[in-house]
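Just so it is clear, none of the values below were taken in a lab; they were calculated from the coordinates. All values derive from a computational prediction rather than experimental measurement. Positions of Cβ are generated from backbone atoms using ideal geometry, with glycine treated the same way; all protein chains shown enter the neighbour counts.
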Ligand SMILES: Cc1cc2nc3c(=O)[nH]c(=O)nc-3n(C[C@H](O)[C@H](O)[C@H](O)COP(=O)(O)OP(=O)(O)OC[C@H]3O[C@@H](n4cnc5c(N)ncnc54)[C@H](O)[C@@H]3O)c2cc1C
């Protein structure tokens, strides 16, 4: 069986779902193919099932937070779809959002609501979503059409969007297939490593026997040969010898991105107090029973870690200023980074230099597009990874809409001319030239919110008579009922 669509989107995670809805809203016939029995399994796990969809700030803040080379690569996508616009988009789709400190969540704090907003919208837009359908191969046929094989069933399309994710939490379906397809189509795939991962530690001050412990506010410094090379902030959660939490996760991403192997970690467990203030407080508690432990719990450390840390310091001996120096720079010996299958995000993937950042189209294989974590894209904790998946998916589809409109327009113009040899050549040329013509031209403006910059929307509709008119944004009754039933915050 062979089925043809304008675009086949492989993977119905955060990026693929956003791509499917964006295509559906623009009337671009597409097919969404998902490996697992349910779409968005990883989306459901996000933010402890609360789904931290983005981060406060504007595009420039976001770009800085991703760091290089990711930030620069995402510039067009983030400028077109910054956090404020993402919030408006979700609001219009029936998912109001809220700020929790600097993180953006659905107001209901339910990842389920985010997933259902996509699946409901896909249904309203009649975008087909095939589940339990692992794509096994993607090949480019002579003439540039792609063949997407799912076992014995084969789909063909002039465009394919790879939205297959990274390789963390493989049970959610992301197992590295997209990177394999990209490699087979001529792309370089950078090694896949754990980003935002836990670490194994042999720190003597952790609670023994192994227990759960929490340090809610810390500053973690990464050093190399005694010099600080990176700093992260946030909580640290110990589960036996395994450390997690934002300070640890963000440090692991830096270490993977920079390829550091000879690093050491120092933990400031009282980052809100100066060294002098800690020393002064320690002087005051000197000689009091459990004085040190009480000081630490008063600063937010939980009892288990406060007791074990106090016992460790007392065993070492020393005066108040020596202890203060240790509390501001506790050695955190690391024996290993947890494996990528346990990580929040994958560092590595399809090499960004081989993808056009203005369109998400492959520079190696015209008509092949990318969105989300399949690329060498990752961000710190705080909603950056979902935001990147959503923004790159929208950009890819918007770029395709420009392409489809131009190709269809030139085909329609050519169809009105007598079928001369030159005319036939012209048609072929227009299709072949598309990937590198106007879209990649310098100075191309950023496409926004479903509005391709190359062709006006009225021109687009005229040139695409067989596209469906998208229904108005809204939501079906089941969705509205769920929204009414969900608890606001
Ligand atoms: C526990 C956890 C919590 C997280 N929390 C947050 C958070 O709160 N905020 C945040 O910003 N980020 C968070 N992340 C990261 C975020 O979930 C990912 O960065 C994001 O989901 C990436 O989106 P994606 O669409 O690129 O990939 P995915 O969401 O992984 O989706 C890829 C999809 O492609 C499908 N697929 C793969 N191969 C094939 C194939 N051969 N054929 C068909 N389909 C295929 C997969 O089944 C999957 O559904 C979290 C991650 C984890 C693991």
query = Is region 199-337 best put as rounded, prolate or oblate by its Cα gyration tensor, with a ≥ b ≥ c the root eigenvalues, rounded for a/c under 1.5, and otherwise prolate when a/b is larger than b/c, oblate when not?
reply = prolate
request  = Can you quote the Å³ per residue value for the convex hull of the Cα atoms in region 24-99, rounded to an integer?
outcome  = 149 Å³
request  = Quick one: grab Rg to one decimal and Dmax as a whole number for region 139-231, Cα atoms only, in Å.
outcome  = 22.0, 65
remark   = Once normalised by the length of region 199-337, the mean sequence separation of its alpha carbon contacts under 8 Å that are 6 or more apart gives a contact order in percent of 35 percent
ask   = Rounded, prolate or oblate: which fits region 97-191 when a ≥ b ≥ c are the square roots of the eigenvalues of the alpha-carbon gyration tensor, with rounded for a/c under 1.5 and prolate only if a/b beats b/c?
value = prolate
key: Inter-part distance where region 1-71 and region 120-154 are each reduced to a Cα centre, Å   = 16 Å
ask   = Over region 42-168, what relative contact order in percent results from Cα pairs under 8 Å that are six or more residues apart?
value = 20 percent
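If packing is taken as the average number of other Cβ atoms within 10 Å across a peptide's residues, how do 185-196, 8-19, 113-124 rank, most packed first?
Result, highest mean Cβ count within 10 Å first: 8-19, 113-124, 185-196.
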inquiry  = Given Cα positions, please report Rg to Rh for region 241-290, the hydrodynamic radius being the Kirkwood one.
reply    = 1.17
query = What fraction of the Cα pairs in region 284-378, stated in percent, has a spacing above 21 angstrom?
reply = 58 percent
message = Per residue, how big is the convex hull of region 88-132 when only Cα atoms are used? Give it in Å³.
response = 81 Å³
